[in-house]
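K.L.:
Attaching a single structure in structure tokens format; questions to follow.
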Amino acid sequence: MTVSSRISGDGKELVIAIDDRFDFSLHQLFRDAYSTMTTQDLSYVLDLSKTEYMDSSALGMILLLKDHVQLYAGQLTISKPSDTVRKILEIAQFQRLMTIE
Amino acid sequence: MPRNQKIALVVDDSKMQCKLLSVLLKEENYQVIIANDGASGVQMYIEHQPDLVLMDINMPIMDGFEATRRIKKLSGEGTLAPLIFITSMDSEQAFIDSVEAGGDSILVRPFTPKVFKAKIKAMQRISDLVDQVKHLQLEQQKDAELAEKMMSGVIEARNFALDKIGVIKKAATIFSGDIQLSALCPNGDIHVLLGDFTGHGLRASIGAIPVTDTFRAMTKKGFSILDIVAQLNRQMFTLLPGDLFFAACFACISEHEKSAYIFNAGLPDGYLFDVKATIKQQFISTHPPLGILPQLLADAQVEVVQVKPDDRLVFITDGIVEARNPAGELFDFSRFEQAAIAGIIQKDLVNNVLRSLDDFCENCEQEDDISLVDVPCSGWQQIKLGNKVTIPEGFTDEDNYFALAENSLPTWSYHLHLTGGLLKKVNPIPLVMNQINDLEGAGEHWQSLYTILTELFINALDHGVLELNSSLKNSAEGFSQYFKERANRLELLADEEKNGSEDFVGIALKYFPLAHGGKMVINIKDSGQGFDILDIFKDNSIAMNDGLKLSGRGVELVNQLCDTLDYQEQGTLVTASYIWHD
């Protein structure tokens, strides 16, 4: 499974992790990982520590996630991107739009 | 239709059955060919490419199931020659097996001629549908190719000075999601854009036409890069769905100012190379791609750099640095830079980068659109100087020719008074030029007027209101410091407004039609402290002898374009008159 998601014990955090390549082929899986979440004030963590490559359609998918998070007044954090992925996020200046740690 | 009469192949070891089916098929206007076992059935299929196959199950040498499997393998997906099993085995298993083997239908004996004919009609209908789909696919492909040709006609063919800009454009599909634009500003500056829509193919290229229109129209009207970027961002935000956006690099190259203005929103670093192929500067992305945020970020700013005539700007899209070789490695920045540097030394950047990419990728499938623009910092159309009117022979003196009476009144006048924060937000020159175009129509002669207005307004704002010292611009460090300081002081203007300060720039125009042209009198007044006009002109005569000097060139240029140019009220009021003739 290249997209995995789990909710923390206290139910306040949803972690979505992407393995290997984050591109358009994950479109549906990625959406499914969060689209049924309608809890308010949920923390969404996108774990990119195992993502080796990301294309621009993945950036688009992150923007859709951000729209969803805002709709339910949640928080979005991108967690531990590798250097390659961080470079792509920086070129798109995503640190101006969301938290990257 | 490939041929008039359709061919039916009957495969049956019973000669009696073959004869019977032949008669029925001929009544339905088929030409009939016959095979008596599975193997020769396959052979006949290959030779005659029939439109319909009737297949018995139990036959010597090769049975109907095996023959069907082979025939279906041969016919592939493109065409459907319907294959009907004709059998007296009325069992569930026979039915399942015939569909498994690839049969399209089954007909169980005994049947009446009417049922048989109805069956083959139904099958023929299905095969006609398949043909139609195939036909439509081909049409669509043809349409897509045509549309692509027209798109690139609209987009690239109308670019300004294409011959001077080096371009790489390799689309991953028929439609490219990357676009390259260039256009000429009214004052002779050049605007260049390299952009990349998310994804590729038709979906990605749909935004290209509105981007092209806006970029060209606003450039022509004299809007600045930042104005254009802000408008494109708003437009793309409304137009594109949430997961689509437009990453782009913009440049305005001003040959007479020897400077370039750059804005990078979401593309890999842009480069400024000098003539020896040294990287003088890199332009990192400072803003998210366009179409994500409803408005540009408040601190969005263009980067200003000093350029030499033989410098060049190079922009690339991520398709270049993310191209992969068979081992899965990225081409990356270092390989690109090496190829570009070697290319500049060999005076062929574009082909050198292309060759290097091809060698690296070894025919790997291209995943994304690949593009680059290579823009020289000089050699663009020069503004025509010395635009002074020459009086044709036969007219002895000026007034006579221009027929402008003493004390004559202007046919129209126009006033614009900008205060405080508006001076930061509004670029008045396109507004003014729009008025002139609306009232007097478009014309080449307004290009010089645009330059005059721009230079005089910038002087009033920078040296009058903002009290910036133009001598700062003499050195490269001072040059960028000047623009930083300018941005700071503009920011202060917006704050002062709240505190009731009265900073302003006023622009007034008066238009006098002449018998063979027209005369525009321009007044620009600012709230600054003024300056000693003699110093400026003394400065200019030094500047004239020193080609590298950057400041003070504006006034000199305006002086050459104008009929008269006067500074009054300690330099806070300038009056210029510009005359043009048909």
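K.L.:
Can you name the condition, by its number, that A:Ile91 falls short on among (1) within 13 Å of chain B (Cβ to nearest Cβ); (2) within 13 Å of the chain's Cα centre (by Cα); (3) open to solvent by less than 70 Å² (accessible area, probe 1.4 Å)?
P.N.:
Single failed check for A:Ile91: (2).
K.L.:
Next question. Would you please name the residue that is farthest from A:Thr77 (Cα to Cα), looking only at residues in segment A:5-20 that are surrounded by fewer than 15 Cβ atoms within 10 Å (Cβ to Cβ) and either touching a residue at least 24 places away in the same chain (Cβ under 8 Å) or in contact with a Ser or Thr (Cβ under 8 Å, 6 or more places away or on another chain) (or both)? First the steps, then the outcome.
P.N.:
Residues of segment A:5-20 that are surrounded by fewer than 15 Cβ atoms within 10 Å (Cβ to Cβ), as a first pass: A:6-12, A:20.
Cutting the leftovers down to either touching a residue at least 24 places away in the same chain (Cβ under 8 Å) or in contact with a Ser or Thr (Cβ under 8 Å, 6 or more places away or on another chain) (or both) gives us A:11-12, A:20.
Values: A:Gly11: 16, A:Lys12: 13, A:Asp20: 19 Å.
Per the stated criteria, the residue is A:Asp20.
K.L.:
B:Lys164 versus (1) open to solvent by less than 20 Å² (accessible area, probe 1.4 Å); (2) touching a Gly at 6+ places or on another chain (Cβ under 8 Å): which is the lone unmet condition?
P.N.:
B:Lys164 satisfies all of (1) open to solvent by less than 20 Å² (accessible area, probe 1.4 Å); (2) touching a Gly at 6+ places or on another chain (Cβ under 8 Å) except (1).
K.L.:
Name the residue that is surrounded by the most Cβ atoms within 10 Å (Cβ to Cβ), counting only residues in segment A:63-88 that are within 12 Å of chain B (Cβ to nearest Cβ) and touching a helix residue (DSSP H, G or I) at 6+ places or on another chain (Cβ under 7 Å).
P.N.:
The residue in question is A:Leu65.
K.L.:
Considering only segment B:28-68, state which residues are open to solvent by 20 Å² or more (accessible area, probe 1.4 Å), under 19 Å from B:Met123 (Cβ atoms), under 53 Å from the mean Cα position of the chain (by Cα) and not polar (S, T, N, Q).
P.N.:
Correct list: B:His48, B:Asp51.
K.L.:
Just checking, how many residues over segment B:169-216 are part of a loop (DSSP other than H, G, I, E, B) and not polar (S, T, N, Q)?
P.N.:
14
K.L.:
Among the residues in segment B:210-220, are any within 30 Å of B:Ile344 (Cα to Cα), among the β-branched types (Val, Ile, Thr) and buried (at least 19 other Cβ atoms within 10 Å of the Cβ)? Give the derivation first.
P.N.:
Going residue by residue through segment B:210-220, those that are within 30 Å of B:Ile344 (Cα to Cα) are B:212, B:215-216, B:219.
Within this subset, residues satisfying the condition of being among the β-branched types (Val, Ile, Thr) are B:212, B:219.
Narrowing the set further to residues that are buried (at least 19 other Cβ atoms within 10 Å of the Cβ) leaves B:212, B:219.
For segment B:210-220, residues within 30 Å of B:Ile344 (Cα to Cα), among the β-branched types (Val, Ile, Thr) and buried (at least 19 other Cβ atoms within 10 Å of the Cβ): present.
K.L.:
Also, quick follow-up: Given the condition away from chain B (no Cβ under 13 Å) and more than 12 Å from the chain's Cα centre (by Cα), answer yes or no: does some residue in segment A:45-61 qualify?
P.N.:
For segment A:45-61, residues away from chain B (no Cβ under 13 Å) and more than 12 Å from the chain's Cα centre (by Cα): present.
K.L.:
For residues in segment B:72-95 being at pLDDT 90 or above and aliphatic (A, V, I, L, M), which is surrounded by the most Cβ atoms within 10 Å (Cβ to Cβ)? Don't jump to the end; show me each part of the working.
P.N.:
Within segment B:72-95, the subset at pLDDT 90 or above is B:83-86.
Still in the running and aliphatic (A, V, I, L, M): B:83-84, B:86.
On the way: B:Leu83: 27, B:Ile84: 21, B:Ile86: 22.
Here the answer is B:Leu83.
K.L.:
Of everything in segment B:18-27, what is surrounded by 16 or more Cβ atoms within 10 Å (Cβ to Cβ) and in contact (Cβ under 8 Å) with a residue 24 or more places away in the chain? Give them in sequence order.
P.N.:
Passing the criteria: B:Leu21, B:Leu24, B:Leu25.
K.L.:
To continue, here is another question. Looking only at residues that are of a type in the set (A, V, I, L, M, F, W, C) and at pLDDT below 85 in segment B:511-534, which one is most open to solvent (accessible area, probe 1.4 Å)? Write out each step before concluding.
P.N.:
First, pick out the residues of segment B:511-534 that are of a type in the set (A, V, I, L, M, F, W, C): B:512, B:514-515, B:520-522, B:524, B:531, B:533-534.
The next check asks that each one be at pLDDT below 85; those that pass are B:514-515, B:531, B:533-534.
Details: B:Leu514: 18, B:Ala515: 64, B:Phe531: 73, B:Ile533: 44, B:Leu534: 127 Å².
Here the residue is B:Leu534.
The values are calculated or read from the model by the stated rules, or taken from the named source; none is laboratory data. Just so we're clear, the structure is a prediction, and the values are computed from it rather than from any experiment. Here Cβ is always computed from backbone atoms with ideal geometry, including for glycine, and neighbour counts include all displayed protein chains. The accessibility values were calculated without ligands, DNA or RNA, using every heavy atom of the protein model including side chains. Shrake-Rupley method; radii C 1.70, N 1.55, O 1.52, S 1.80 Å.
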